[in-house]
1. Restricting attention to the stretch A:191-219, and to residues there that are more than 7 Å from chain B (Cβ to nearest Cβ) and free of Cβ contacts under 8 Å to residues at least 24 places away in the same chain, which single residue is farthest from A:Cys121 (Cα to Cα)?
2. Can you tell me which residue among B:Ile123, B:Ile185, B:Ile158 is within 13 Å of chain A (Cβ to nearest Cβ), at negative phi and touching a residue at least 60 places away in the same chain (Cβ under 8 Å)?
3. State whether the residues of the stretch B:138-154 include one that is within 11 Å of chain A (Cβ to nearest Cβ), closer than 30 Å to A:Ser119 by Cβ and touching a residue at least 12 places away in the same chain (Cβ under 8 Å).
4. Quick one: in the stretch A:104-120, which of the residues that are in contact (Cβ under 8 Å) with a residue 24 or more places away in the chain and away from every other protein chain (no Cβ under 11 Å) is nearest to the chain's Cα centre (by Cα)?
5. What helices (runs of 4 or more DSSP H) completely inside the stretch B:1-92 contain at least 2 residues that are near DNA strand C (Cβ under 9 Å from one of its atoms) and over 22 Å from B:Ala184 (Cα atoms)?
6. Which of the residues spanning the stretch A:9-30 are away from DNA strand D (no atom under 12 Å from the Cβ), more than 8 Å from every other protein chain (Cβ to nearest Cβ) and among the basic types (Lys, Arg)?
7. Hey, can you tell me all the residues within the stretch A:165-188 that are within 16 Å of the chain's Cα centre (by Cα) and part of a loop (DSSP other than H, G, I, E, B)?
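What follows is calculated from the coordinates using simple rules that are stated; it is not laboratory data. What you see is a predicted model, and the numbers here were worked out from it, not measured in a lab. Counting neighbours? That spans all protein chains shown, and the Cβs are built from the backbone with ideal geometry, glycine included.
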Number of protein chains: 2
Amino acid sequence: MTTAIRGIETDFERGIHISEKTIARMRWYLFALDEFAKEDMSVVASREIADKVGVKSGLVRKDLCHFGGFGRPSVGYNIAYLQKKIKEILRINQVKNVAWVGAQRLADEPALIEKFADSNCEIEAVFDKDSTKLGMRIGNLQVLGIGEVEAVVQNLGIEAAVIATPSEDAQEVADRLTAGGVKAILNLTPVVLVVPPGVAVRNVDLASELMMLSYYCGGNGGVNGLAHA
Amino acid sequence: MTTAIRGIETDFERGIHISEKTIARMRWYLFALDEFAKEDMSVVASREIADKVGVKSGLVRKDLCHFGGFGRPSVGYNIAYLQKKIKEILRINQVKNVAWVGAQRLADEPALIEKFADSNCEIEAVFDKDSTKLGMRIGNLQVLGIGEVEAVVQNLGIEAAVIATPSEDAQEVADRLTAGGVKAILNLTPVVLVVPPGVAVRNVDLASELMMLSYYCGGNGGVNGLAHA
DNA sequence: TAGATTGTTAATCGATTAACAATC
DNA sequence: TAGATTGTTAATCGATTAACAATC
């Protein structure tokens, strides 16, 4: 809304709510910038970013404006600078402490630990409801019982969590996580979680997505859908 | 909008566009109905469905009304009947012919073939750009070159496709698929695809989701997000 | 009949688009 | 200066909520 010059705060800095759709597009814009950077460009217009991701140029400018005035009239946006700014906004370079609930999935697919680390998400605790899994080692972590979720999450300052439990436990786990102060949940189950306001949930579940695609197969005119995204 | 009695068509039947958010919630409602069915209930009120998935009851009724008048005043919705109807709407019980592009992922994780079959998605063709993979067998299918995508997709009447290629090939593949008439794409790459109007894209990518969650970690007040929806 | 809950309309809210003055 | 593109406002569009008459 306003530029960040001389102490005038942006919407973002004022804590004004920014829609999830805008945040999803910020990721798209970053993707576009990476593409332009590969082509050795140093400056782009909102129009070029817009075309690359399939939105209108005014929307690109409006989205970016929530976070500050990053461009220069008649010139455009400096790619390296805007990349840096979007990464800051999305906290991409900050290390995030993550809890993982549902040890089996991580035991089956230990490569996930590195995949998370690639995104600066460090798995700091693993929990499981199944008492036979207690104490089991995953990487250099010991599996804890889900009764400890609230306390451990609070003590370690964990802000995000992954739910990879059997479906029937997912909602209980979400309740415990949010009680412990978790603000962001990645839900790998098909369960529709209900969480308090202010907590973000992202769902990643193949079967659920297939269900939605199925509707569009017949040609029920759908357009781009973020997972999302 | 209107009931389906005596030839009066629903929004759905008239081909009026129904928002992606509504379709996502239809899946949620089905989830809730499955839960209620487990508890041996036979009838529910919109209010109960709403509470189970975290929306307002009026929205549940409005969403359902796009597809027909499934409830009875002062009674509610018959669970078995509504389950059946939503499954019809989402085409869940219909077999969908699916193309898969990017053979490596399927070779690495052959269990995906059955996972898709569980959702009535039959993988009818596999394509790859890498000529060294041509003719390779996956299940009972032979890998075809991506030059054949348009023709094969058309001939087999394929309506949906999965893109699991290296990032740099994803947009080209999307272009070929849509040229061949594909109306629904499941995108397993982090690429932001641009597709013609009327084509649905669902993204399933862990790194992209972590990027979005990262924003909400600090407590930038987010609410429920579908990947999702 | 009295009470409950649907289907649907009208009011509100939020997000996108169009347009343009300000700026480089 | 003339031309281009931003940041931002006002207009439009669409989705949610509130409310209620119709129905069981």
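1. A:Pro196
2. Numbers: B:Ile123 fails: touching a residue at least 60 places away in the same chain (Cβ under 8 Å); B:Ile185 fails: touching a residue at least 60 places away in the same chain (Cβ under 8 Å).
Answer to the selection: B:Ile158.
3. Within the stretch B:138-154, the subset within 11 Å of chain A (Cβ to nearest Cβ) is none.
Looking through the stretch B:138-154, none of the residues is within 11 Å of chain A (Cβ to nearest Cβ), closer than 30 Å to A:Ser119 by Cβ and touching a residue at least 12 places away in the same chain (Cβ under 8 Å).
4. Here the residue is A:Ile113.
5. Values: elements: B:20-38, B:46-53, B:57-65, B:79-89.
Output list reads B:46-53, B:57-65.
6. A:Arg14, A:Arg25
7. Taking the stretch A:165-188 first, the residues within 16 Å of the chain's Cα centre (by Cα) are A:182-188.
Passing the criteria: A:Val182, A:Lys183, A:Leu188.
Each row is one residue, and each column tells you yes or no for (1) more than 23 Å from B:Tyr29 (Cα to Cα); (2) surrounded by 16 or more Cβ atoms within 10 Å (Cβ to Cβ); (3) not hydrophobic (A, V, I, L, M, F, W, C).
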site: A:Lys129; (1), (2), (3): yes, yes, yes
site: A:Gly145; (1), (2), (3): yes, no, yes
site: A:Gly157; (1), (2), (3): yes, no, yes
site: A:Ala161; (1), (2), (3): yes, yes, no
site: A:Leu186; (1), (2), (3): no, yes, no
site: A:Ala200; (1), (2), (3): no, yes, no
site: A:Asn203; (1), (2), (3): no, yes, yes
site: A:Ser208; (1), (2), (3): no, yes, yes
